[in-house]
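Working notes, structure below.
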Amino acid sequence: MRLSTRGRYGLKAMFQLALHYGEGPIPLNSIASAQELSENYLEQLVSTLRKSGLLNSVRGAQGGYMLAKSPEDITVGNILRALEGDMAPADCVIDNSNGYEKEENCVTKLVWMRMRDSINQVIDSISLQDMLDEQAKMESKQREA
């Protein structure tokens, strides 16, 4: 399974906002520049994240985007599901698949269910705060070297 650029870029953008949590709105061009992302593409992603309740936006000259919740209250799973949809590796294990037509023939369903459950457990256990903590550890090790 491979994430699309939507999920990867969206997670980078949310991490950038987490780095500046509590500092007020951050302009989209600052986020794009810091994470080396396309500002135009990022515009589409932040719209989806805002509609999902993960971001707040402020208009005007001093406007921009900021996290709608604290970094500890936003998980990687929240972000990826908002941008990618269900993280199931196969149609027969999507919770809202409305009776997958070939479910009775999905002999590998047990494998897909376990993969889905494992993926969800991992992405739901990592918050933006965990990512910030990991970044701090990496920077600390670099300073010691």
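Quick note: the coordinates plus some simple rules give every number you see, no bench work behind them. All figures in this text were calculated on a predicted structure; none of them were measured in a lab. Virtual Cβ from ideal backbone geometry, glycine too; neighbours counted across all protein chains shown.
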Selected from Q35, G22, G53, residue furthest toward positive end of dipole (the range 3-58; charges at beta carbon) | G53
Cross-link partners of K51 among lysines (Cα-Cα below 26 Å; sequence separation of 8 or more within a chain) | K12, K69
When ranked by the protection proxy of mean other Cβ atoms within 10 Å per residue, highest first, what sequence do the peptides 125-136, 8-19 form?
-> 8-19, 125-136
What Kirkwood hydrodynamic radius, in Å, does the range 1-65 give when the mean of 1/r is taken over all pairs of distinct Cα atoms and then inverted?
-> 11.9 Å
Quickly rank 30-37, 53-60 as a protection proxy: mean count of other C-beta atoms within 10 Å, highest first.
-> 30-37, 53-60
Non-local residues with an amide H under 5 Å from the amide H of L55, with H modelled 1.01 Å from N and Pro and chain starts lacking one, are R50, A68
For the range 34-39, take each phi angle, set θ = phi - 60°, evaluate the Karplus expression 6.51 cos²θ - 1.76 cosθ + 1.60, and give the result in whole Hz per residue in order, putting x for glycine and proline.
-> 5, 9, 6, 10, 6, 5
Relative contact order of the chain (C-alpha contacts under 8 Å, at least 6 apart) in percent is 26 percent
What share of all Cα pairs of the range 33-83, in percent, falls into each consecutive 5 Å distance bin?
-> 5, 17, 26, 29, 18, 4, 0
Give the Rg (one decimal place) followed by the Dmax (whole number) of the chain, computed from C-alpha coordinates and expressed in Å.
-> 17.6, 58
Could you calculate the FRET efficiency of D133 with T108 from 1/(1 + (r/R0)^6), where r is the beta carbon distance between them and R0 is 35 Å, rounded to 0.05?
-> 0.40
Work out from phi, with θ = phi - 60° and the Karplus expression 6.51 cos²θ - 1.76 cosθ + 1.60, the ³J(HN,Hα) of each residue of the range 82-94, listed in order in whole Hz, and give x for Gly and Pro.
-> 4, 8, 9, x, 4, 8, 5, x, 8, 4, 6, 10, 7
